[in-house]
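The block underneath contains the structure these notes are about, expressed in structure tokens.
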Amino acid sequence: MVRSKIKYELIADERTRRETFRKRKTGLFKKLSELKTLCEVEACGIVISGDGTQAEVWPSPNAASQVIQKFINLPTSSQTNNMIDQAGFLRANLSRYSKNLDKESKKIESLERELRLAECLTKEEVVTRNTDELHEILRLLERKIGMVDRRIAKIEPSSSNMAASAQQTNNEPDHGKGKQPV
């Protein structure tokens, strides 16, 4: 059964919010435990309640302070190597989406050119808005003709060899079954 998508916004009901906080915190600590066990890494978690009165540390305050101390003792370049704030995260995603958008836009433009060329070939008339579009159709047509020429050049040597061998067999006398030379 597929779960419905959850809208992430503040839960208005206080009791429901506390219950959700308790369950999610337990789930987060369980995931940290799994990560530590499966990947043999050091991990800790600190969760402070919404009202700021209560902090819970996993696995223990001493273990968490040791992990934090190890992190602080790392060189600055190692500390910040994989850190990203929300603005950095959004910039990275925006950059990635922008590249994908550019790539897809170029695909669409190429397909539109192909469509215009196909329309020109089927209608046997060229309806364009300007000369640039005509030149673009001409370049595309020349590229397609070049592809066809290269394909023909690949096929011709093998087909001419087959034609030559077929012609040679036609010129030779047939001494097959039932036919005798005269």
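The values are calculated or read from the model by the stated rules, or taken from the named source; none is laboratory data. Not measured: the values here are computed from a predicted model. Heads up, the Cβs are rebuilt from the backbone with ideal geometry, glycines too, and the neighbour counts pull from every protein chain shown. Accessible surface areas use protein heavy atoms only, side chains included; no ligands, DNA or RNA. Shrake-Rupley method; radii C 1.70, N 1.55, O 1.52, S 1.80 Å.
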Mind counting the residues in region 4-28 that are closer than 24 Å to residue 72 by Cα and in contact with an Asp or Glu (Cβ under 8 Å, 6 or more places away or on another chain)?
0
When region 1-27 is checked residue by residue, the ones that are hydrophobic (A, V, I, L, M, F, W, C) and within 29 Å of the chain's Cα centre (by Cα) are 1, 2, 6
As an exercise: evaluate residue 115 against (1) open to solvent by 70 Å² or more (accessible area, probe 1.4 Å); (2) outside any loop (DSSP other than H, G, I, E, B); (3) not assigned by the TED database to the domain that holds residue 140 and give the number of the one condition it does not meet.
(3)
Answer yes or no as to whether residue 109 is over 30 Å from residue 21 (Cβ atoms) and either open to solvent by 100 Å² or more (accessible area, probe 1.4 Å) or of a type in the set (Ser, Thr, Tyr) (or both).
no
Name the residue, out of 3, 15, that is among the charged types (D, E, K, R), exposed (fewer than 12 other Cβ atoms within 10 Å of the Cβ) and not in a loop (DSSP other than H, G, I, E, B).
15
Filter result (surrounded by fewer than 10 Cβ atoms within 10 Å (Cβ to Cβ) and farther than 29 Å from residue 36 by Cβ) within region 57-94:
87
(1) open to solvent by less than 100 Å² (accessible area, probe 1.4 Å); (2) at positive phi: which one isn't true of residue 104, the others all being true?
(2)
Answer yes if at least one residue in region 79-94 is out of contact with any helix residue (DSSP H, G or I) (no Cβ under 9 Å at 6 or more places or on another chain), touching a residue at least 24 places away in the same chain (Cβ under 8 Å) and not aliphatic (A, V, I, L, M), and no otherwise.
no
